[in-house]
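Down below is the structure, laid out as structure tokens.
The values are calculated or read from the model by the stated rules, or taken from the named source; none is laboratory data. Just so we're clear, the structure is a prediction, and the values are computed from it rather than from any experiment. Cβ coordinates were reconstructed from backbone atoms using ideal geometry, including for glycine residues, and neighbour counts include every protein chain displayed. The protein model used for the area step is the full one, side chains on, heavy atoms only, and it has no ligands, DNA or RNA in it. Shrake-Rupley method; radii C 1.70, N 1.55, O 1.52, S 1.80 Å.
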Amino acid sequence: MRRRELLLLVGGAVTAPHALRAQQKAMPVIGVLSSTTPGSSAANMAAFLQGLAETGYVEGQNAAIEYRWAEGRYDRLPALAAELVKRRVDVIVTQGGIPATRAAKSATSTIPIVFAVGTDPVGDGLVASLARPGGNLTGVTFMMTELMPKRLELLSELVPEAGMIALLVNPNNEDAERTMRDVQEAARVKGVQLLILKAGTESEIDAAFAYFVQLHAGALLVGHDPFFFSRREQLVALASRNAVPAIYENRGYVVAGGLISYGTSLAAANRLAGIYVGKILKGAKPADLPVQQPTRFELVINFKTAKALGLTVPPSILARADEVIE
């Protein structure tokens, strides 16, 4: 064998592993940072993966996903976000509200971040504007917090005899103060007394319902919070056990047996987030992708639960309902 052929053969053997590693690295890695649990986020993740697939990316085939779950413990989010940054993911997707998005934003100013939040991303300082976000963040807003006064109106219409309505908020959620302020103003306009209940753990949810019953409040408004959604089975069971008419932020609660919900379709919003991630992986810049807002809101009623509570759903609400679960 000639010396030149030998050098080419050896050189090819040395570079082959490097080429293989380069091919393996070519598969983009998506980091998912969630405030909640895999179980409670299953439907949202399915919708996200659907949107991602619509752009040509399928998990396990031409895209890898690293999942980080805080499981309701918001204090874990900064460390989990740091793990994804260290992993050098190509894009970070945040789920479970503003706490996860803030943690990701604090962890990196270079890795693109696609959020799905229920608050005002401009007011919360996540983006410069909805039309031109600027920076490395963009995504979808559900407008859950902005809809809280509307939910109070619906609850008052459904339970007109309720002179006192309770609002349940998570004190660990930085948006709790704004929620309380907005709902207090709405209650003042409606002429109803507002009782504030706070719960950030499972046991505190139990205690909040006990206090609700003790004070003989007439109805309950459950605030927007990822932890509450992860505990929706507990919330719905307590409402049923104590005969509490309650309104929630999305359809998932009503499917679990809750009375009524009004809000954005989470499936539609998470699908949009998946589409945005696909666009970014193809070269789009977050700063150039407008923050998406809901164009449609769902009013869902569980008729079986209404009957169990002895409530007659007014025709005005039934006529506006997008879905009635029998």
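Observations, loosely collected:
- Cβ-based charge dipole, the chain, positive-most Cα from Gly51, Pro99, Ala284: Ala284
- Treating each Cα of the chain as one equal point scatterer and applying the Debye formula with no solvent, the log10 of I(q)/I(0) at q = 0.08, 0.09, 0.15 Å⁻¹ comes out as -0.41, -0.50, -1.17.
- Counting only DSSP beta bridges with both residues in the chain, the antiparallel share comes to about 10 percent.
- Cα-projected label distance for Glu323 with Asp75, points at 7 Å along beta-carbon direction, nm: 3.7 nm
- Summed over the residues of region 217-326 and divided among them, the accessible surface reaches 40 Å² per residue at a probe radius of 1.4 Å.
- In summary, the aspartates and glutamates within cross-link reach of Lys279, defined as a Cα separation below 18 angstrom excluding same-chain residues under 8 places away, comprise Glu54, Glu59, Asp90, Asp288.
- The candidates Tyr253, Tyr57, Tyr211, arranged from most to least accessible area with a 1.4 Å probe in the full protein assembly, appear as Tyr211, Tyr57, Tyr253.
- Loop trypsin sites (Lys or Arg not before Pro), region 85-116 (other Cβ atoms within 10 Å of the site Cβ: 16 or fewer; DSSP): Arg87, Arg88
- Amide H contacts under 5 Å for Phe142: Val117, Gly118, Thr119, restricted to partners 5 or more places along the chain or on a different chain, H placed in the peptide plane at 1.01 Å from N.
- Two-site FRET efficiency, Asn62 against Leu215, from Cβ-Cβ distance with R₀ of 45 Å, rounded to 0.05: 0.20
- For Gln95, distant residues with modelled amide H under 5 Å away: Leu33, Ser34, Ser35
- Surface share of carbon and sulfur [accessible, 1.4 angstrom probe, percent] for the chain: 53 percent
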